[in-house]
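Scroll down for the structure; my scribbles are underneath it.
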Amino acid sequence: AFVLSVVPEGAEDKIELPVLQKSEESRTISKISREVKEIAFVIQSQSNSFHSKRAEDLKRDILKQAADLGKELPTVLLTHQMGRHEGAWTILPLMKDFSVTYGRNSSWIFFCEEDTRIQVVKLLEILGRFDWSKEWFLGKALYDEESTIIHHYAFAENPTVFKFPDFAAGWALSIPLVNKLAKKLKSEPLKSDFTIDLKHEIALYIWQKGEGPHLTPVPEFCTDDVNSYKVNYCATTFSNFLPLCGEPVKKEDVFVAVKTCRKFHSDRIPVVKQTWEREAALIEYYSDYEDISIPTVDLGIPNTDRGHCGKTFAILDRFLNHTSPRTPWLVIVDDDTLISIFRLRKLLSCYDPNEPVFLGERYGYGLGTGGYSYITGGGGMVFSRIAVQKLLASKCRCYSMDAPDDMVLGMCFSGLGIPITHSPLFHQARPMDYPKDYLAHQIPVSFHKHWNIDPVKVYFTWLAPNTEETHHGKKVGYNREDL
């Protein structure tokens, strides 16, 4: 049965009836073909060869669908090709360009990820329900069930009231809203602070403490798989989950470095050994104290209460000079990182180890005014050997031993012109810090922190190679809804 969406007030004249006679259908297709050129599609793409190919494939698919309508083609942009903006991936720095280029001849900017799948005719039908001359912010709505550190505990009294878009489903801004944002950004440039969760921060910026629009939920923007029974109802679907591009890389091709210190040997290291250590063929624990029972390696770097830049660069040097040159991948994790090496090996099958790859969850610093991107350390940082070689061959080093290692690495790689490669499957926080509907279309690679959780339970629920795993000879299985 067809379920008609809730229609926004004032948009009744835009409704297309769900069931059409053939002549009516022809007129609708003709109307849509005129309107398709009025959408600028923006694919949130990356320059790494694996990701850029996926984005180009999506671009070709959108243009083919539009060509089949027999009229002018829409604009399809890839953010990584808008190269003069280091922070192009954060979208807001591009608003002025969007306004100047498309502010007069377009109706909508539609954003999507490289794995979003779009039914162009259906999308035009959905957008046709909204008066594009007004300010609209459309998407699939996510919300926090409890306040979380990654959103700076926003709306702490009731975090469910604030909705933000799931980028995987696609999201849209009407041109009047784009023009308004561009004007505001011209008079009030973005501050030089952190970009942590872009989808939430964009929604906050658009909302403007109640002066701008809230996100309007669009149920036809979906993250269901293309094989879902809902596919005919959805204008968008999503196909990511966990990429696999051939055989997983061999266990011996991944060297795992665990950062720890003496005060955490007794509580954090046993968790690693109970959970994911068995998945790693090559693993070393780096500490400020040599403990043969683990065993740990003392790199001669004192532990610091702040950043661990000195320790991380010592690990990079050791990987380059004291491991087999045939080992192409290095993973650096904290002692309270929960990670699936099994899934990581699948993911790495999609990346070329002959490219300089720096992979993980991407954050940004000061991207409104230049700045740089970096891989946040707690979720795990993955390096190809050639990336480590290029880094250490440069003169870029820690400005102090206790500098934040992940941010220094981001600055260094930015200076070398080596892009950060983002994967949403790495997580700097715990499962409960993310909306359930966001995690529902993922097969995650990592989570971070043991705070107020049972980390062993979280591992076997979310990250173990099988949903049920043998633990001390017993089968255990947990319900994700509890976590």
Expressed in nanometres to one decimal, the distance between label points 7 Å along Cα→Cβ at residue 416 and residue 146 is 4.0
Could you list, bin by bin from short to long, the percent of Cα-Cα pairs of segment 140-184 in 10 Å steps?
25, 34, 36, 5
In the chain the cysteines whose Cβ sits 4.7 Å or more from every other Cys Cβ are 112, 261
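Ordered by packing density, taken as the mean number of other Cβ atoms within 10 Å over each peptide's residues, highest first, how do 209-215, 167-173, 415-421 rank? If you can, show how the numbers build up before the last one.
Details: 209-215: 13.6, 167-173: 26.7, 415-421: 18.0.
Going by the mean number of other Cβ atoms within 10 Å, highest first, we get 167-173, 415-421, 209-215.
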As a test question: what accessible area, to the nearest 10 Å², does residue 405 have when a 1.4 Å probe is rolled over all protein chains in place?
10
At 25 °C and a viscosity of 0.890 mPa s, what translational diffusion coefficient does Stokes-Einstein give for the chain, taking Rh as the Kirkwood radius over Cα pairs? Give it in µm²/s as a whole number.
102
Quick one: how many Å² of residue 365 are accessible to a 1.4 Å probe, rounded to 10?
80
Taking amide H atoms as placed 1.01 Å from N in the peptide plane, list the residues 5 or more away in sequence, or in a different chain, whose amide H sits under 5 Å from that of residue 216.
137, 138, 139
Cα-Cα pairs of segment 289-398 separated by more than 24 Å (percent):
30
Using a 1.4 angstrom probe on the protein heavy atoms only, could you order 64, 436 from most to least accessible area?
64, 436
Give me the accessible area of residue 146, 1.4 Å probe, in Å² rounded to the nearest 10.
100
Quick check: pseudo-label points 7 Å beyond the Cα along Cα→Cβ at residue 278 and residue 452, how many nm apart are they?
3.1
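Give me the dipole magnitude in Debye, nearest 20, for the chain about the Cα centre, with unit charges on the beta carbon: positive for Lys and Arg, negative for Asp and Glu.
Numbers: 56 positive and 63 negative charges, 212 e Å.
For the chain, the charge dipole is close to 1020 debye.
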Separation in nanometres of the label points that stand 7 Å from Cα toward Cβ, at residue 186 and residue 317:
5.2
Just the number please: accessible area per residue for the chain, 1.4 Å probe, all protein chains included, in Å².
44
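Could you order 196, 109 so the one with the most accessible surface comes first? Probe is 1.4 Å. Walk me through the numbers before you get to the answer.
On the way: 196 35, 109 0 Å².
My answer, sorted largest first, is 196, 109.
Report in % the part of the accessible area of segment 35-238 that belongs to carbon and sulfur, leaving out ligands and nucleic acids; probe 1.4 Å.
Numbers: 4460 of 8790 Å².
Its accessible area is 51 percent carbon and sulfur atoms.
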Multiply the residue gap between residue 194 and residue 60 by 0.36 nm, knock off their C-alpha separation, and tell me the result in nm, one decimal place.
44.9 nm
For segment 35-238, the Rg and Dmax computed from alpha carbons only, in angstrom:
16.5, 52
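Extension gain residue 241-residue 354, at 0.36 nm per residue separation less the Cα-Cα distance, in nm? Before the final figure, lay out each step's value.
On the way: separation 113, 0.36 × 113 = 40.68 nm, distance 2.51 nm.
Result for the pair: 38.2 nm of gain on full extension.
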In vacuum, with every alpha carbon of segment 251-465 counted as one equal point scatterer, what does the Debye formula give for log10 I(q)/I(0) at q = 0.07, 0.08, 0.17 Å⁻¹? Two decimals, please.
-0.19, -0.25, -1.28
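So what is the 222 nm mean residue ellipticity for the chain from helices alone, if each DSSP H run of at least 4 adds -39500 (n - 2.57) and you divide by all residues, rounding to the nearest 500 deg cm²/dmol? Could the numbers behind the result be given before it?
Values: 13 runs with 134 residues, N = 483.
Computed mean residue ellipticity for the chain: -8000 deg cm²/dmol.
The values are calculated or read from the model by the stated rules, or taken from the named source; none is laboratory data. Keep in mind that this is a model prediction, so the values were computed, not measured. Using ideal geometry, Cβ is built from the backbone for each residue, glycine included, and neighbour counts are taken over all protein chains shown. Ligands, DNA and RNA are stripped out before the accessible areas are found, and what is left, the full protein with its side chains, is counted by its heavy atoms. Shrake-Rupley method; radii C 1.70, N 1.55, O 1.52, S 1.80 Å.
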